[in-house]
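> I have a structure I would like to understand better, so I am pasting it below and will then ask my questions one at a time.
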Amino acid sequence: MLSLRGLKPLARAEFKWVLNHHAQGPTEGARWPISVVQRLATECQRQQIGSLADLDLSRAPQHPRTMARTMLSHLRVVYFSRQDTKEAGYIETDHYGVRLNGHTSNFDISQVSQRWLRDLLWDYLDMRLTSDPPRGKSTFTRPRRGCVELSAYLEAHAPKGGHDPTLLRKEHMLGFVTDQRHRAAQGLKPLGVHYKILQRNRGPVAVTKAQVATIFSATRFVLRTAMDAGETERIGLDRQFVVALPPGGNPRSRRRRPFSDEAARALADEANLSRLDDTDLDDRGLRDVWESIVTTGRRCGEILTLRLDCIGRYKGLPLLWHDQSKVGKVEEAIRISERMYQRIEQRQATTRARFAQRHGQPPTPAQERELALFPRRTANRTGVKSVSYGWFNQLLRAWVLTLDIPHTVAHQARHTLATNLLKAGANLAQIKRYLGHVSEAMAEHYAHIANTDPRLSDALQAVWVSGPGALEPGIILSGGEPMTRQEAEAMLVDLTHRSTPAEGGFCTFQPVVDGGACPFNLNCHTCDNFVMTGADLVYWHRKREQWRMLAERAPDATTRDYLHQVFDPTARAIDGLERALCAVGLLDEALSLDLRRPQDYYGRVWSAAFRAGELAHEQDSDETEPDALDAAN
């Protein structure tokens with residue numbers, strides 16, 4: 001029983017409201033023992049406070065002090081309006097009905113010392129929360145980091161510490177840009193110190209070029225947004241000061257590599273995996289998470305947030321159901337291996353047993369749809385919170401350091417699976433669908449393709465199909481079967497020397513080839529004289545993706561169906577080209593060749609003559625991992 005006798009009316013009302021608010025939300029936080037709540041109430045009575053805001057936390061015991069801070073965070077949403085938070089130097093996302101992933105409701109911006117700059121930052125955050133709430137916290141942390149850096153520089157080098165915006169000029173912004181670039185080049189510490197850039201017990205980390213690019217882009221967006229709204233003119237900030245800040249651009253960064261053979265063997269070794277399992281002292285499923293990422297190629301967050309009811313058999317096939325929140329897809333299913341299905345079943349049994357031990361009964365089917373497959377240990381009284389990425393990454397990194405292999409991160413498993421799927425015969429459209437990419441261009445980024453065959457330039461010319469304007473789109477004009485030298489030479493003369501380049505293929509209409517005007521108004525893609533080559537495959541993949549995105553954005557189903565119908569002949573022609581390339585074992589090489597500039601048609605790939613005896617030479621097949629083959633099938 002909790003006794004609130006002796007408390008003043010306002011403090012007693014605050015206790016009742018906070019306890020009710022804390023109990024209503026299933027994911028609010030940790031369980032509050034009655035004994036600790038009573039100790040906090042006794043401390044409030046001892047200090048004779050009229051409100052929890054008057055409590056001297058330095059005099060309170062540790063556990064009640066932590067609980068009091070949480071209570072004050074709940075009350076702050078009630079006592080402070082939106083404009084009040086602007087005056088106090090923070091913003092409450094709960095005022096907008098938004099909670100950023102991985103962040104509390106309170107978002108502090110008080111380290112921006114100049115009031116005018118802090119107000120511009122607050123207005124920008126307020127605009128985002130009102131019009132377009134972000135999914136993650138990086139949309140907020142990056143502008144705050146940039147404004148903190150600019151504020152620290154102005155405090156040190158601008159007239160009056162930068163507090164008077166009318167005194168700031170172009171040279172002050174250029175000085176800030178120069179200072180940031182110098183710090184990145186020399187590996188110096190940042191001027192503005194924020195808790196997000198602090199390493200544990202080591203102080204602020206050194207500035208990098210990628211961080212400078214982020215600082216420039218985020219700060220520039222805040223200032224430009226304020227300038228477009230007329231706020232910079234209202235406060236007297238010189239326009240030249242704003243426009244002098246350059247865009248950060250996209251700093252060059254190396255993309256992740258697939259696992260090397262050495263790393264793959266070490267990461268899959270049973271003895272090493274047993275040591276990884278031993279580091280999971282609370283049995284939260286660390287090894288199951290890692291093996292799921294490797295075998296399915298999912299993003300880390302998609303595996304960590306799996307629900308208890310995440311697998312099932314459909315017509316005998318084991319499927320994994322998950323959410324791809326990064327691309328806005330919910331309840332997506334992919335096929336998994338039988339071994340992975342059995343491991344997840346074992347993890348389900350462990351999670352159900354833990355739930356039954358805590359609540360005295362097994363979870364109901366409705367609860368299983370909400371419970372986390374890998375529940376975190378603390379602040380998770382209902383079991384719906386999943387383990388964090390920080391927990392997983394810290395344990396995985398410590399394990400990898402014991403394996404004596406090159407630097408390895410979990411996301412490389414996604415690149416490895418994409419590359420193995422490509423080697424197993426899957427095309428980019430299939431890889432895009434399995435990995436949950438938004439476009440085939442992203443699938444190309446993950447599928448590492450090495451173009452090392454010197455015969456590719458000659459061999460791709462051996463495959464020609466009719467264009468989308470022909471009576472039968474996608475019909476192979478030169479057979480996919482091995483050809484004799486005479487047939488190949490005849491084809492080379494007829495289709496290479498007696499044709500002219502066109503967008504996405506070649507025109508074989510002889511009057512046009514001879515230099516005459518096109519009688520069809522250059523409408524190549526609906527002309528039966530238009531042919532496509534293997535070198536145009538990636539180009540047509542992009543066109544197909546553009547049409548699909550255009551159709552999916554149609555305002556109604558009728559328009560969407562019409563757009564699909566219009567592009568259907570072209571889609572059939574693309575499918576025919578893929579079948580032709582696959583017949584001669586050249587699909588992978590064609591996907592790696594991308595000629596997007598007209599001048600590329602006059603490069604070696606078109607000028608070199610091909611050898612008729614090597615046109616149908618099959619590509620040496622690479623050894624593919626079982627899991628990738630299983631996923632591809």
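> So if each residue of separation counts as 0.36 nm, and I subtract the Cα-Cα distance between His21 and Asp283, what length gain in nm does that give?
91.2 nm
> Pairwise over distinct Cα atoms, reciprocal of the mean inverse distance: report the Kirkwood radius of region 62-198 in Å, one decimal place.
One over the average 1/r among Cα pairs gives 16.5 Å for region 62-198.
> Ok, one more. Sort 230-237, 320-327 by packing, meaning the average of other beta carbons within 10 Å per residue, with the highest value first.
Highest mean packing first, the order is 320-327, 230-237.
> How many nm is it between the label spots at His564 and His103, if each spot is 7 Å from the Cα in line with the beta carbon?
Spacing of the two 7 Å Cα→Cβ label points: 3.9 nm.
> Also, quick follow-up: Could you give the nm distance between label points at Arg377 and Tyr79, where each point is 7 Å from its Cα heading toward the beta carbon?
3.5
> Shifting gears a bit: Normalising by the residue count of region 1-107, find the relative contact order in percent from Cα pairs under 8 Å and 6+ residues apart.
24
> Under 27 Å Cα to Cα from Lys189, which lysines show up? Leave out anything in the same chain fewer than 8 places away.
Straight-line reach from Lys189, under 27 Å: Lys137, Lys160, Lys170, Lys209.
> Which ³J(HN,Hα) values in Hz, rounded to whole numbers, follow from the phi angles of region 527-539 under the Karplus curve 6.51 cos²θ - 1.76 cosθ + 1.60, where θ = phi - 60° and Gly and Pro get x?
9, 7, 8, 8, 10, 10, 10, x, 6, 9, 4, 5, 4
> Given the Cα atoms of region 369-426, and with Rh set as the inverse mean 1/r over their pairs in the Kirkwood sense, what is Rg to Rh to two decimals?
1.15
> What relative contact order, as a whole-number percentage, does region 261-423 give when Cα pairs under 8 Å and 6 or more residues apart are counted?
Result for region 261-423 is 29 percent.
> Counting pairs of Cα atoms in region 9-79, how many percent are more than 18 Å apart?
30
> Here is a follow-up. Once phi is turned into θ = phi - 60°, what whole-Hz ³J(HN,Hα) does the Karplus curve with 6.51, -1.76 and 1.60 give for every residue of region 172-185, x standing for Gly and Pro?
So the Karplus estimates, Gly and Pro as x, are 5, 5, 5, x, 5, 4, 4, 4, 5, 5, 5, 5, 5, 5 Hz.
> Output the peptides 391-402, 407-418, 529-540 sorted from most to least packed, where packing is the average of other Cβ atoms within 10 Å over each peptide's residues.
Going from most to least packed, we get 529-540, 407-418, 391-402.
> How about Lys315: which lysines have a C-alpha closer than 26 Å to its C-alpha, ignoring those fewer than 8 places off in the same chain?
The reachable lysines, counting only those whose Cα sits under 26 Å from Lys315, are Lys329, Lys432.
> I need the phi-derived Karplus couplings for region 299-316: 6.51 cos²θ - 1.76 cosθ + 1.60, θ = phi - 60°, integer Hz, Gly and Pro marked x.
Once θ is set to phi - 60°, the couplings for region 299-316 become 5, 4, x, 5, 7, 4, 9, 4, 8, 4, 8, 10, 10, x, 10, 10, 6, x Hz.
> Here is a further query. Separation between the Glu503 and Arg352 pseudo-spin-labels, each 7 Å from Cα along Cα→Cβ, expressed in nm?
5.9
None of the figures in this text is laboratory data; all of them are computed from the coordinates on show. Since the model is a prediction, treat every value here as computed from it, not as a measurement. For neighbour counting, all protein chains shown are included, and Cβ atoms are generated from backbone atoms with ideal geometry for every residue, glycine included.
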